[in-house]
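I have placed the structure first, in the form of C-alpha cells, so that the comments after it can refer back to it.
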Amino acid sequence: MIIALCVTSTGLNMQAIKMRFIISLTLLWAVVCSALNSSEFRLPDNFKPISYRLDVTTHLDDKFVFEGVVDIKIICSQDTDTVVLHSSNLNINTKGVVVANNDGKIFPVSSIEFISKNELMFVKSSEKLKSGGEYVLTIPFTGNITDDLVGYYKSSYLDKDTNQTKWLAVTQFEPADARRAFPCFDEPAMKATFKIRLGHQKDLTSVSNMRLLKTTPMPSNPDYVLDEFEDSVPMSTYLVAYMVSDFAFVDSESQDDEVKFRILARKGAVDQTELAKLAGPLVLKYYEDYFDEKFPLTKQDMVAIPDFSAGAMENWGLVTYRETELLIDPTVATSANIHRVAEVIAHELAHQWFGNLVTMKWWTDLWLNEGFATYVAARGVDFLYPEWNSFQVETAQNFLQVLGLDSLKTSHPVSVPVGHPDEIAQIFDTISYTKGSFLLHMMNSFLGEETFKQGIRNYIDKHKFSNAEQDDLWSSLTDEAHRVGSLDKNTTVKEIMDTWTLQTGYPVLKVTRDYSSGMVTLSQERYLAIKPNVTDQKSCWMIPLTMTNSADVNFNNTKAEIFLDCKTNVTLSMSKDIGWIIFNMQMAGLFRVLYDSRNWMGIISTLNDPNGFEKIHTLNRVQLINDIFSFSKTGDVEYGIAFHMLKYLKHEKEYLPWMAALNGLEPINKLLKRTSNQGEVQNYMRRLLSPVYTNFRNMNEEVKGFEEIRFKNMIIAQACRNQMKDCIHQSLELFSNWMTAEDPDNNNLLPRELKSIIYCQAIKNGGVDEWDFLWERYQRSNIASEKAKLLSALGCSSETWLLNRYLNWTIGDNAVIRKQDAITVFYSVASSDIGFYVAKDFLYRKIADISQYFQPRGDRVGRYVSVIGSQMKTVEELDEIQTFIDKSPSYLKGADLTINQTIETIKINIEWTDKFYKQIITHML
Ligand SMILES: [Zn+2]
C-alpha cells in the first residue's frame, strides 16, 4: 500500500504537512501497545485454510448489496469442536453454514456465535473435528456495498457523455478488511489459494487477481452473468481483490509474453494511461532481474479508482490506485506528477515480490513490506529515469523526514508488536515506510551492493509463497556477507540491525576533539527534539563509521569498515592542525553528528568559501545544515552558529542544500507564525531568498531537469509565501490573463510547474470571482491531478465565509467533495494564517458531524484534531483545545490516543517557545 499525499501550493509544505499527518498517527503508539491485548484479536492456530472457493454477486443497480457463498477447505492441527475465523459487518445466513469432511460427511453445526468487537465468528460442531483432518466450511452471506472506502465498497464518476452517475464496486482489504467482504482467516500467514467467481449485471465487467477463464449466463437471473477466474497462487487474504465496473482497458506492450499487462480506468480517462502502460512492464521486468525471480502470475492489471482511501494497493495481479497516482495527461502533468506516478507504480510492483510472494508473518514486520517496496521503488524510478538523479533526492528527503519525526519520545520502533486492526492501520506511517527504506539503504552501503542483492535473492528464493520475519532477512544477508567476506565473521547483520529496528529513535554520534593531543573521542546517545533532564543511557546503536577530513578530502567511501558498538567509546588519533573532520559519508547512515564548536567553525569557514564549499559532498552539506538546526533546538549548539552557517547559501547553487536549509527554517516559521514577529521572519526570509530568487524570478521561463524544476518551484513558493512583491505581482497578472482567456479549461496559460503556487496566490489575494472561477475549473476538469491542485488552492482564500462554505461542502450526506479528499481540504484551509482560525472553529462546531461522516474510521477525526493542535504553541491554546476535548468525549472515542498525543506536541511547542523564541528573533533581525 502507499500512503496518500496532500498536494499543497507552498513547495516545502507538502513534506511538512505529510509529517504532521503522520505525527499524530505515530505519537499514539506507546499508549496503544500497552492498552490492548493482542491475543484477543488473533486466530487460534488449530486450523489453516488450504483453499477458498468464493462466489460473490454484486448488485449495483439500485440496492448496493452483495451476496455470496464461501467454501473454505481447512486442515485441522489440533482436536477441537470450534472453528474460529473473521467476519465483520456481514449478514451470515447461519442456517446455511455447513461443516463437512472431504468425503462429504456433514458435521452438524450446534451453534454460531459472533464477537463483533473482535470481528470474530465461532462455528461450533456437535462432533469433534480431528487433528490431521481436512474439512470444508461453507458460509452463505450478504453485505452492503458501503461508501466507507474499505472492504467491498462503491465508487462513482460522472459520465460526461450521458451526464449520468456511473457506479462501480471494488475491494480494499489491507490490512484487515477482507473480513468485511467475506468470512475468512484474515491474517497474513494464513495463505491459501482462491477460486473466485463474480456474478454481475450483463452490461458490466469484472476483474480479479487472476485471469478470466470464462463467462456464463447466470441461471437465477437473465440480466446477470457469472465470471469465473483461474485458481490463484497461495496468497494472504489482504491481497485478494475484485472489481465490477464499466471501465475500459488498454493493453500494454509486455516485456514478457507470458505476462499480459493491462491498464484500466473509466472510459473518459483511459487516454491518460500512456505512462503507466509504458512504465509498468519495464519496472516489472527490472524487478524480475533484480530479484532473479519470475513474476509468477500470467497477467497484471493496474486500475485507477475514482474513490480511494490510500494512494495505491498492491493486490496480486490487480493493483488499484487513486487516479492521481496512476493517470497522467502529458499536456498538463508536472514533473512532480510524473515522478509520483512512476514512484507509486514502482512501489506497488515491488510488492509483487516483497509482500505478495514473501509476506511478513505478522503485521509487526510490516516494515519488511513497506520499507522494502519504498527502497526498491526508488531504484525502479532511477532505472526508468536515470537522468533525474532522483535516488539522491529521495535519500536526502527521507533522511530529513525520518530524523524529524523519529526525534519524538513517542515515536515507535520499525518492528513493532501490534494486535487490533486499529493498531495495524496506524503503522502505515513514515517509520515503516521511510525509516524502513532508509535502513535498507544504510545496510546496502555497509554490506555493498552485490552482497545486499544476493542476500535478498536468497531470502526471496527461500521463503517464496510463504511467510518470513525480519530475522529471516538478517540470516540470509549474514550468510551471504560471511560467504563473500563483506562482514567480519564475528559480526552478524542481526547484531547490527536489531539495534536499528527494535529500538525507537536514532543516535547522535558525538565527536569530541582534543586539540592539544589530537585525540578524537566518539560516543553516542539518543537524539530527542527536547532534551530530557536525564540522558537515556540505555539506548545504543551499532553505528557504521565513515569519515573524512579537511587535509585529505574524500567523501566517496560509504562502506564502513568499523562500527561504534555499544560497549566502548572509540578514540582516534588525528593531526591537531586539521581544520575539520566530517563523519557519515554521503549521509549513508541514519544518525546525526555533533561536533565541538571549533570543528563546526572549521566546517563553516569552508562552506563560506565560494571556491571551497563544494569540496564537501552535496549530501553532507544537507546533513550539516539539518544537524545544526536540530542541535540548536536542543541547545547543544547556539542558534547563532546555525544562522552563521546559513550565510554560505549566498553561493550555494544546488537544490538539496537549499531544501535542507528551508526545511530547517520551517519549524521556526511555524513557531513565529501568527505572532507579532511574523513580519520580522518574513523580512529575514526575503533577504535570504533574494539572490537565488533573482535566478528564478521569471515565472514564464521554463527550467529543465528534475532537480532544477523542484528548486525553482520551492524558491518561488517561499518567495510568494514570504510576501515578495514581484512574486505576488507576477502570479496575479498571470492568473488574471488566464481568467479572461477564451476556453480557460483547454487553454491554461499558466506555467505548468508553478500552477499550484499561482492558483494559491490568486485565491489568497482575490475574492469570490477568482474563487468561483477556479471552482468551475475544478468541476469541469477530467484530470485527477489537476483537480487535486485546484482543491488545495481553493483553501488559500482569505475570505472567511468562502472558507466556511468550502469546509461545509466536505462532510455530510450532501458533500460535494469526495470523501477521500475531505481531509485535503481541511489541511489546506487549516494551513493558512486566516484559515487556521476558520478550520479550528469548524472542528469545534462540527465535531459531531465529522465524527459521524468518517465512521467506522475513528482515526480520521483524530487527524482533524492533530492538524489544528500541532500548530498551537501557547498555554492559552492548550487550555482551549483541552476544554474542547473534555466536552466532546463521545465523538472522539476512536481517536482519544491521537488526541492525548496532540496535547503532548503542543506542550513541546510551548517549551521550545519559552526557551528559544527571543534568541531566534535576535538572529533574524
Ligand atoms: Zn506499500
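The values are calculated or read from the model by the stated rules, or taken from the named source; none is laboratory data. Source: prediction; values computed, not measured. With ideal geometry, Cβ positions are generated from the backbone for all residues, glycine too; neighbour counts draw on all protein chains shown.
Can you find a residue in the stretch 428-438 that is over 28 Å from PHE261 (Cα atoms) and away from the ligand (no atom under 16 Å from the Cβ)?
Checking the stretch 428-438: not a single residue is over 28 Å from PHE261 (Cα atoms) and away from the ligand (no atom under 16 Å from the Cβ).
From ILE823, ILE758, ILE715, grab the single residue that is outside the structural domain of ARG340 (by TED's automatic domain parsing), out of contact with any Cys (no Cβ under 6 Å at 6 or more places or on another chain) and within 25 Å of GLN852 (Cα to Cα).
Details: ILE758 fails: within 25 Å of GLN852 (Cα to Cα); ILE715 fails: within 25 Å of GLN852 (Cα to Cα).
The conditions single out ILE823.
Sort through ASP833, ASP859 and tell me the only one that's at pLDDT below 95 and more than 24 Å from ILE763 (Cβ to Cβ).
Working: ASP833 fails: more than 24 Å from ILE763 (Cβ to Cβ).
Result of the check over ASP833, ASP859: ASP859.
Is it fair to say ASP813 is under 30 Å from GLU770 (Cβ atoms) and either crowded, with 20+ Cβ neighbours inside 10 Å or within 27 Å of the chain's Cα centre (by Cα) (or both)?
Details: under 30 Å from GLU770 (Cβ atoms): yes; either crowded, with 20+ Cβ neighbours inside 10 Å or within 27 Å of the chain's Cα centre (by Cα) (or both): no.
Criteria not met by ASP813.
Within the group SER516, SER523, which residue is small (Gly, Ala, Ser) and in a loop (DSSP other than H, G, I, E, B)?
Working: SER523 fails: in a loop (DSSP other than H, G, I, E, B).
Within the list SER516, SER523, the selection yields SER516.
Name the residues in the stretch 355-382 that are in contact with a His (Cβ under 9 Å, 6 or more places away or on another chain) and of a type in the set (S, T, N, Q), would you?
First, pick out the residues of the stretch 355-382 that are in contact with a His (Cβ under 9 Å, 6 or more places away or on another chain): 357-359, 369-370, 372-378, 380-381.
Listed by number, the residues that qualify are THR359, ASN369, THR374.
Being free of Cβ contacts under 8 Å to residues at least 12 places away in the same chain and over 20 Å from ILE92 (Cβ atoms) narrows it down to one of THR205, THR162, THR216, THR193, so name that one. It would help to see each step written out before you state the result.
Details: THR205 fails: free of Cβ contacts under 8 Å to residues at least 12 places away in the same chain; THR216 fails: free of Cβ contacts under 8 Å to residues at least 12 places away in the same chain; THR193 fails: free of Cβ contacts under 8 Å to residues at least 12 places away in the same chain.
Of THR205, THR162, THR216, THR193, the one residue that is free of Cβ contacts under 8 Å to residues at least 12 places away in the same chain and over 20 Å from ILE92 (Cβ atoms) is THR162.
If a residue has to be under 16 Å from MET443 (Cα atoms) and in a loop (DSSP other than H, G, I, E, B) to count, how many in the stretch 478-491 make the cut?
5
So, of the residues in the stretch 329-362 that are hydrophobic (A, V, I, L, M, F, W, C) and more than 18 Å from the chain's Cα centre (by Cα), which turns out to be surrounded by the fewest Cβ atoms within 10 Å (Cβ to Cβ)?
The selected residue is VAL332.
Answer yes or no as to whether GLY812 is touching a residue at least 40 places away in the same chain (Cβ under 8 Å) and either in contact with an Asp or Glu (Cβ under 7 Å, 6 or more places away or on another chain) or of a type in the set (Val, Ile, Thr) (or both).
Values: touching a residue at least 40 places away in the same chain (Cβ under 8 Å): yes; either in contact with an Asp or Glu (Cβ under 7 Å, 6 or more places away or on another chain) or of a type in the set (Val, Ile, Thr) (or both): yes.
So GLY812 passes the test.
For the stretch 365-406, enumerate the residues that are outside any loop (DSSP other than H, G, I, E, B), more than 16 Å from the ligand (Cβ to nearest atom) and polar (S, T, N, Q). Give the derivation first.
Here is the first cut: in the stretch 365-406, the ones outside any loop (DSSP other than H, G, I, E, B) are 365-384, 386-388, 390-405.
Imposing the further condition that a residue be more than 16 Å from the ligand (Cβ to nearest atom) reduces the set to 382-384, 386-388, 390-393, 395-397, 399-405.
Those that are outside any loop (DSSP other than H, G, I, E, B), more than 16 Å from the ligand (Cβ to nearest atom) and polar (S, T, N, Q): SER390, GLN392, THR395, GLN397, GLN401.
Only one residue in LYS559, LYS567 is farther than 29 Å from PHE613 by Cα and either touching an Asp or Glu at 6+ places or on another chain (Cβ under 7 Å) or in a loop (DSSP other than H, G, I, E, B) (or both), so which one is that?
None of the others qualify; the one that does is LYS567.
Which residue, of LYS647, LYS653, LYS670, is surrounded by fewer than 22 Cβ atoms within 10 Å (Cβ to Cβ) and either among the polar types (S, T, N, Q) or outside any helix (DSSP H, G or I) (or both)? Can you show your working first?
On the way: LYS647 fails: either among the polar types (S, T, N, Q) or outside any helix (DSSP H, G or I) (or both); LYS670 fails: either among the polar types (S, T, N, Q) or outside any helix (DSSP H, G or I) (or both).
LYS653 is the lone residue from the list that is surrounded by fewer than 22 Cβ atoms within 10 Å (Cβ to Cβ) and either among the polar types (S, T, N, Q) or outside any helix (DSSP H, G or I) (or both).
Can you tell me which residue is surrounded by the most Cβ atoms within 10 Å (Cβ to Cβ) among those in the stretch 492-503 that are in contact (Cβ under 8 Å) with a residue 60 or more places away in the chain and not in a helix (DSSP H, G or I)?
So the residue we want is GLN503.
Which numbered condition in (1) modelled with pLDDT of 95 or more; (2) of a type in the set (Asp, Glu); (3) under 17 Å from the mean Cα position of the chain (by Cα) is the only one that GLU394 fails?
(1)
Quick grid of which residues meet (1) aromatic (Phe, Trp, Tyr); (2) under 21 Å from GLN761 (Cα atoms); (3) touching a residue at least 24 places away in the same chain (Cβ under 8 Å):
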site	(1), (2), (3)
LEU665	no, no, yes
LYS670	no, yes, yes
VAL681	no, yes, yes
ARG686	no, yes, yes
TYR693	yes, yes, yes
GLU702	no, yes, yes
LYS712	no, yes, yes
ASN722	no, yes, yes
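Under the condition of being out of contact with any Phe, Trp or Tyr (no Cβ under 8 Å at 6 or more places or on another chain) and either aliphatic (A, V, I, L, M) or at pLDDT 95 or above (or both), which residue from the stretch 30-43 is nearest to LEU502 (Cα to Cα)?
Here is the first cut: in the stretch 30-43, the ones out of contact with any Phe, Trp or Tyr (no Cβ under 8 Å at 6 or more places or on another chain) are 30-42.
Subset that is either aliphatic (A, V, I, L, M) or at pLDDT 95 or above (or both): 30-32, 35-36.
Numbers: ALA30: 14, VAL31: 17, VAL32: 17, ALA35: 20, LEU36: 20 Å.
Filtering the stretch 30-43 for residues that are out of contact with any Phe, Trp or Tyr (no Cβ under 8 Å at 6 or more places or on another chain) and either aliphatic (A, V, I, L, M) or at pLDDT 95 or above (or both), the one nearest to LEU502 (Cα to Cα) comes out as ALA30.
I'd like to verify a number: residues in the stretch 165-187 that are assigned to a strand (DSSP E or B) and touching a residue at least 12 places away in the same chain (Cβ under 8 Å), how many? It would help to see each step written out before you state the result.
Taking the stretch 165-187 as the starting set, the residues that turn out to be assigned to a strand (DSSP E or B) are 165-172, 184.
Subsequent filtering for residues that are touching a residue at least 12 places away in the same chain (Cβ under 8 Å) retains 166-172, 184.
Summing the residues that are assigned to a strand (DSSP E or B) and touching a residue at least 12 places away in the same chain (Cβ under 8 Å) in the stretch 165-187 gives 8.
Report, ordered by the first and then the second residue, all pairs with beta carbons closer than 6 Å, sequence separation of six or more or different chains, a first member in the stretch 344-361 that is within 15 Å of VAL376 (Cα to Cα), and a second member that is within 11 Å of the ligand (Cβ to nearest atom) and assigned to a strand (DSSP E or B).
Short answer, once both residue conditions are applied: VAL344/ILE2; VAL344/ALA312; HIS347/ILE2; GLU348/ALA312; GLU348/VAL319.
Quick test of your reading of the structure: ASP301 fulfils all but one of (1) within 17 Å of SER252 (Cα to Cα); (2) within 16 Å of the ligand (Cβ to nearest atom). Name the failing condition by number.
(2)
How about the stretch 307-321: which of its residues are over 16 Å from the mean Cα position of the chain (by Cα) and in a loop (DSSP other than H, G, I, E, B)?
Step one: list which residues in the stretch 307-321 are over 16 Å from the mean Cα position of the chain (by Cα), which gives 307, 315-319.
Within the stretch 307-321, ASP307, ASN315, TRP316, GLY317 qualify.
Could you tell me which numbered condition HIS412 fails, if it satisfies all but one of (1) surrounded by 22 or more Cβ atoms within 10 Å (Cβ to Cβ); (2) within 25 Å of PHE706 (Cβ to Cβ)?
Checking HIS412 against (1) surrounded by 22 or more Cβ atoms within 10 Å (Cβ to Cβ); (2) within 25 Å of PHE706 (Cβ to Cβ), the one that fails is (2).
Would you say TRP362 is within 13 Å of the ligand (Cβ to nearest atom) and farther than 30 Å from ASP745 by Cβ?
Values: within 13 Å of the ligand (Cβ to nearest atom): no; farther than 30 Å from ASP745 by Cβ: yes.
Spelling it out, it is not the case that TRP362 is within 13 Å of the ligand (Cβ to nearest atom) and farther than 30 Å from ASP745 by Cβ.
Per-residue answers, yes or no, for (1) crowded, with 22+ Cβ neighbours inside 10 Å; (2) at pLDDT 90 or above:
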site	(1), (2)
THR824	yes, yes
LYS846	no, yes
GLN852	no, no
GLU880	no, yes
HIS923	no, yes
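So which residues in the stretch 322-359 are away from the ligand (no atom under 12 Å from the Cβ) and part of a strand (DSSP E or B)?
ARG322, VAL358, THR359 - these are the residues of the stretch 322-359 that are away from the ligand (no atom under 12 Å from the Cβ) and part of a strand (DSSP E or B).
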